[in-house]
Amino acid sequence: METMATPDALVTDLREIFGERLRCVVAYGDGTPVHTLALVEELSVEDLDACARRARRWRADGCAIPLVLGTREFARSLDAFPLEFGAIIAHHRVLYGHDPFEGLEVAPDDLRRACEVEVKGHLLHLREAYMEAGGAPARIAELVEASAPALRTLLENVSRLEGQPRTDAASLTAHVGARLGAEHERAFAGVLASLESPLARGDAARLFPAYLRATEALADYVDGWTARR
């Protein structure tokens with residue numbers, strides 16, 4: 001796991017705001033801004049006001065506004081946000097208090113259902129945006145490039161669903177290619193390549209049909225994943 005800067009001032013502020021009600025603070029993700037999750041026994045509007053007064057300084061220090069949850073609320077939210085909490089569980093470190101994720105894991109069925117919603121939403125977006133592009137190569141290139149970050153996150157979540165978490169583009173496309181075939185692997189690899197360098201307009205227009213077919217195949221795969229376990 002990469003080293004992240006410790007947001008000392010933010011933790012100090014949260015301890016001042018919540019006192020003994022603050023149970024823990026964890027950092028998660030990579031890079032800047034640093035994202036944090038804080039669990040508290042009680043959470044009021046007055047607490048939010050106190051946090052709001054410090055928000056500008058936190059951002060200036062390279063910290064995102066913390067995700068603050070009540071302990072009971074947190075315990076009942078793993079099934080509601082399986083992708084989000086699954087990512088935090090996979091990559092976090094404790095800044096204060098106990099590790100709230102010790103012994104916890106996202107239920108596979110919850111994760112599969114969330115992945116299904118994500119991939120089918122991605123598919124619907126691609127179809128709608130393609131029609132809105134009106135066949136213009138420049139707009140299709142913009143569509144493909146704009147969708148690449150979401151595709152990468154989607155493939156990361158599918159790999160986590162299968163208990164083989166990956167983050168680099170080559171491993172992600174190889175993982176899905178082993179399940180869907182080389183044609184779909186090439187299509188996804190072409191899209192993710194746009195994260196490194198822009199696609200030529202003609203290349204994007206030629207890539208899109210294969211990209212759409214690959215996304216349709218992935219939606220079918222995730223939809224039937226329970227039967228394949």
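The values are calculated or read from the model by the stated rules, or taken from the named source; none is laboratory data. Everything quoted here is computed from the prediction, not taken from an experiment. Here Cβ is always computed from backbone atoms with ideal geometry, including for glycine, and neighbour counts include all displayed protein chains.
The one condition from (1) surrounded by 18 or more Cβ atoms within 10 Å (Cβ to Cβ); (2) without any contact (Cβ under 8 Å) to a residue 24 or more places away in the chain; (3) charged (D, E, K, R) that ARG112 does not meet is (2).
The number of residues in the range 58-83 that are touching a Ser or Thr at 6+ places or on another chain (Cβ under 9 Å), surrounded by fewer than 16 Cβ atoms within 10 Å (Cβ to Cβ) and outside any loop (DSSP other than H, G, I, E, B) comes to 1.
Note on the range 122-220: enclosed helices (runs of 4 or more DSSP H) holding 1 or more residues that are among the hydroxyl-bearing types (Ser, Thr, Tyr) and touching a residue at least 12 places away in the same chain (Cβ under 8 Å) are 137-161, 169-180. What is the residue count in the range 2-57 for residues that are under 30 Å from GLU156 (Cβ atoms), small (Gly, Ala, Ser) and not in a helix (DSSP H, G or I)? Total meeting the criteria: 5.
Among residues of the range 165-202 being polar (S, T, N, Q) and surrounded by fewer than 20 Cβ atoms within 10 Å (Cβ to Cβ), the one that is nearest to the chain's Cα centre (by Cα) is THR167. Among the residues of the range 207-222, just one is surrounded by 15 or more Cβ atoms within 10 Å (Cβ to Cβ) and out of contact with any Leu (no Cβ under 9 Å at 6 or more places or on another chain), namely ALA210. With respect to the stated conditions, ASP49 is farther than 21 Å from VAL94 by Cα, assigned by TED's automatic domain parsing to the domain that holds PHE81 and either modelled with pLDDT of 95 or more or within 21 Å of the chain's Cα centre (by Cα) (or both). Assessment of the range 167-178 against the conditions (in the same structural domain as LEU126 (by TED's automatic domain parsing), touching an Asp or Glu at 6+ places or on another chain (Cβ under 6 Å) and among the hydrophobic types (A, V, I, L, M, F, W, C)) yields no matching residue.
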